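A quick write-up on the structure given underneath.
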Amino acid sequence: GAVVSQHPSWVICKSGTSVKIECRSLDFQATTMFWYRQFPKQSLMLMATSNEGSKATYEQGVEKDKFLINHASLTLSTLTVTSAHPEDSSFYICSARSPGSAGEKLFFGSGTQLSVL
Amino acid sequence: QKEVEQNSGPLSVPEGAIASLNCTYSDRGSQSFFWYRQYSGKSPELIMSIYSNGDKEDGRFTAQLNKASQYVSLLIRDSQPSDSATYLCAVNLWMNAGKSTFGDGTTLTVKP
C-alpha cells in the first residue's frame, strides 16, 4: 500500500511557540491530504483538507490563522500550529488519498503527539 | 443524530471467538465504507473496504454492507489478543473526494 510519512512523531514545546508538522507521500503524488486531531479516547476530528497549489479548506470551528496549512508540492503538506497553548496538546494525524485507489482509501501518517507546556 | 454511529463498547471477547462490530450511517448518498484499526497511541490502518451490498471476506475479517438499512459491520473470526484495538468505521460520499466521516470507534479487547 501507499506510504505516508509524518514527522516529528512527538514534540514538546513551550506555550506561545509555533510547531511545524510535515506529512509526506513517499511513493505517490497526493493532490489532496487531510489533517486530523484526536484527543484521548475520542475519534478523529477532521481539521482541514489540504490541496496542492491552493488554499486549504478548513472545517467549521477550526481557526485557519492558528493552524496554517501549506501544500506546496505533490508530496508534502505541512501543518503549523502557531502560538501553541496547552489546549492544543493533542495527537495530530495526516492522511493522503492515493491516486487511482478505488473508493477513496486513505493512508495515514504515523501521527504527531504534541504536548504544549 | 451522529452521521456515523458505532457500538459504544467496550467489547470484550475470549480468544478464538467471533467479534462483531457494528456501524450505522445517516446519509443515504454514502458510497464507500471502510474499517480502520487503531492501536493505542498509533494512527489508524485500513483493514477493509466495501462498496456494494453483501459480504466481503479477507482472511479472518468479513465486512457486511446493507445500504437499505444503512448498516455496515465487521466480523473478526478466531479473535486473537493482537486484535485488541479500537476499530473505526468510516463512510465516504463520492462528492467529498476522500473526505471520510469517522465514527467514534469501538474498543475491542480479546482475552487470552
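Working only within the range B:3-12, note down all residues that are over 20 Å from residue B:64 (Cα atoms) and assigned to a strand (DSSP E or B). Scanning the range B:3-12 gives a single hit, B:12. You will find that of B:107, B:86, the residue that is without any contact (Cβ under 8 Å) to a residue 60 or more places away in the chain, of a type in the set (Val, Ile, Thr) and facing chain A (nearest Cβ under 10 Å) is B:86 and no other. Being under 10 Å from the mean Cα position of the chain (by Cα) and under 30 Å from residue A:50 (Cα atoms) is a property that holds for residue B:49. Residue B:28: assigned to a loop (DSSP other than H, G, I, E, B) and in contact (Cβ under 8 Å) with a residue 12 or more places away in the chain, yes or no? Judged against the criteria, residue B:28 is a match.
Keeping to the range A:47-75, report how many residues are without any contact (Cβ under 8 Å) to a residue 40 or more places away in the chain and part of a loop (DSSP other than H, G, I, E, B). Total meeting the criteria: 13. Of the residues making up the range B:38-47, just one is buried (at least 21 other Cβ atoms within 10 Å of the Cβ) and assigned to a strand (DSSP E or B), namely B:38.
Restricting attention to the range B:72-91 and to residues that are in contact with a Lys or Arg (Cβ under 7 Å, 6 or more places away or on another chain) and assigned to a strand (DSSP E or B), the residue that is surrounded by the fewest Cβ atoms within 10 Å (Cβ to Cβ) turns out to be B:85. Just one of the listed residues (A:82, A:31) is touching a Lys or Arg at 6+ places or on another chain (Cβ under 7 Å) and touching a residue at least 12 places away in the same chain (Cβ under 8 Å), and it is A:82.
Return the residue satisfying two criteria in turn: it lies in the range B:48-61 and is within 12 Å of chain A (Cβ to nearest Cβ) and part of a loop (DSSP other than H, G, I, E, B), and of such residues it is surrounded by the fewest Cβ atoms within 10 Å (Cβ to Cβ). Residue satisfying both the conditions and the ranking: B:52.
We did not get these values from a lab; they are worked out from the coordinates using the rules stated. These numbers were taken from a predicted model, which means no experiment stands behind them. Here Cβ is always computed from backbone atoms with ideal geometry, including for glycine, and neighbour counts include all displayed protein chains.
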